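The values are calculated or read from the model by the stated rules, or taken from the named source; none is laboratory data. The structure displayed is predicted, hence computed values, not measured ones. Backbone-built Cβ (ideal geometry, glycine too); neighbour counts: all protein chains shown.
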Amino acid sequence: MSPSSGGQAGATGPPAPTPEALAFRESLRGVFPDHVAIIMDGNGRWAQERGWVRVRGHKEGTESVREITTIAAELGCKSLTLYAFSRENWKRPDFEVSTLMRLLRLYLRRELRTLMDNGIRLVAIGRLSDLPEYAQRALRETMEKTAGNTGMVLRLALSYGGRTEVADALRAFSEEVAAGRRRPDEVNEETLREYLYDPGTGDPDLIIRTAGEMRLSNFLLWQASYAEFYVTEDCWPDFRRPQFEAALRAFAARKRKFGALPADADEPAGLEGLEDVLEGAPEHSEGGS
């Protein structure tokens, strides 16, 4: 842990990397995601498989949050976004929702020392005004206390939906147009990004989903365009260092092209070669790509 210069009193920088963290980073040959986002799924299923009530799975899931947050900071991630509570989650039974909100408050209070020790700055995205006042208050207090930290950014997505985020961004831009501060012809990808919940944080490089489901579930729809997607069968309470490192190794093994081709792609040297290729191509038939 290293003190940061300036900022809030008591603020800290990122932790010094351990020999184990350095060795792991080296094993990835320089390919490492700056921003990891995780869809934390399977808490209730994990508990029910053991004959317990669903909320016990949520409580155990907070242990995974602590471990993965600490490991991500130790390994040098710049941003970690956790899908903690979706807009759709409000449809769950009142008891479960209330328990999740109280666990959020407990986590924020209990883990402040962990955040400070690792130089982590906490932010939140979503319609935060939907949260009960006691949860909003705990969230504000923790964000204020970690605001000066200069290490990894931990983003909690709370009452969050990707479609809602885009709709809120469009509404905010429209209000600027109506007030005469923007013009309709100014809207483009980068302009719209300015109105997202956290425009300063880059898009995720890697999205991890636990519990085997193969969908985004309305998570970071705008930002996930070129993210690598990794799914593990492990439920979130079982997702710890070995599972996280496996996801990072899988990411390091992929080739990210962003729609382009690598420089060493097998292409004809000139137009004369291209003509030979086209003449030898099969005729287009119905149903072809």
Any residue at all in the stretch 184-192 that's exposed (fewer than 12 other Cβ atoms within 10 Å of the Cβ), aliphatic (A, V, I, L, M) and in a helix (DSSP H, G or I)? no
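Considering only the stretch 203-212, how many residues are buried (at least 18 other Cβ atoms within 10 Å of the Cβ) and either part of a loop (DSSP other than H, G, I, E, B) or out of contact with any helix residue (DSSP H, G or I) (no Cβ under 7 Å at 6 or more places or on another chain) (or both)? Write out each step before concluding.
Applying the first criterion (buried (at least 18 other Cβ atoms within 10 Å of the Cβ)) to the stretch 203-212 yields 204-211.
After this cut, where a residue has to be either part of a loop (DSSP other than H, G, I, E, B) or out of contact with any helix residue (DSSP H, G or I) (no Cβ under 7 Å at 6 or more places or on another chain) (or both) as well, the list is 204-205, 207, 209-211.
Within the stretch 203-212, residues that are buried (at least 18 other Cβ atoms within 10 Å of the Cβ) and either part of a loop (DSSP other than H, G, I, E, B) or out of contact with any helix residue (DSSP H, G or I) (no Cβ under 7 Å at 6 or more places or on another chain) (or both) number 6.
Confirm whether GLY13 is over 24 Å from LEU131 (Cβ atoms) and either in contact with a Ser or Thr (Cβ under 6 Å, 6 or more places away or on another chain) or at pLDDT below 95 (or both).
On the way: over 24 Å from LEU131 (Cβ atoms): yes; either in contact with a Ser or Thr (Cβ under 6 Å, 6 or more places away or on another chain) or at pLDDT below 95 (or both): yes.
Yes: the conditions hold for GLY13.
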Picked from the stretch 147-180 (must be in contact (Cβ under 8 Å) with a residue 12 or more places away in the chain and among the polar types (S, T, N, Q)), the residue farthest from ARG121 (Cα to Cα) is THR164
Residue within the stretch 216-223 that is part of a loop (DSSP other than H, G, I, E, B), in contact with a helix residue (DSSP H, G or I) (Cβ under 6 Å, 6 or more places away or on another chain) and not hydrophobic (A, V, I, L, M, F, W, C) present: yes
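Here is a yes/no grid of residues against (1) free of Cβ contacts under 8 Å to residues at least 12 places away in the same chain; (2) farther than 13 Å from LEU82 by Cβ:
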{"site": "PHE95", "(1), (2)": "no, yes"}
{"site": "SER98", "(1), (2)": "yes, yes"}
{"site": "ARG110", "(1), (2)": "yes, yes"}
{"site": "THR114", "(1), (2)": "no, yes"}
{"site": "ASP117", "(1), (2)": "no, yes"}
{"site": "ARG121", "(1), (2)": "no, yes"}
{"site": "GLY126", "(1), (2)": "no, no"}
{"site": "LEU131", "(1), (2)": "no, yes"}
I'd like the full set of residues that are outside any helix (DSSP H, G or I) and either within 20 Å of ASP34 (Cα to Cα) or not acidic (Asp, Glu) (or both), limited to the stretch 226-246. TYR226, ALA227, GLU228, PHE229, TYR230, VAL231, THR232, CYS235, PHE239, ARG240
Return only the number of the condition from (1) closer than 18 Å to HIS58 by Cβ; (2) touching a Lys or Arg at 6+ places or on another chain (Cβ under 7 Å) that LEU112 does not satisfy. (1)
Considering (1) over 18 Å from the mean Cα position of the chain (by Cα); (2) in a loop (DSSP other than H, G, I, E, B); (3) not hydroxyl-bearing (Ser, Thr, Tyr), say which one GLY200 fails and leave the rest. (1)
Name the single residue that is nearest to ARG25 (Cα to Cα) among those in the stretch 226-258 being out of contact with any Phe, Trp or Tyr (no Cβ under 8 Å at 6 or more places or on another chain) and modelled with pLDDT under 95. ARG254
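Quick one: which residue in THR150, THR142, THR164 is surrounded by 17 or more Cβ atoms within 10 Å (Cβ to Cβ), among the polar types (S, T, N, Q) and touching a Leu at 6+ places or on another chain (Cβ under 8 Å)?
Details: THR150 fails: touching a Leu at 6+ places or on another chain (Cβ under 8 Å); THR164 fails: touching a Leu at 6+ places or on another chain (Cβ under 8 Å).
Criteria check complete, one pass: THR142.
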Just name the residue that is surrounded by the most Cβ atoms within 10 Å (Cβ to Cβ) out of those in the stretch 22-81 that are of a type in the set (A, V, I, L, M) and part of a loop (DSSP other than H, G, I, E, B). MET40
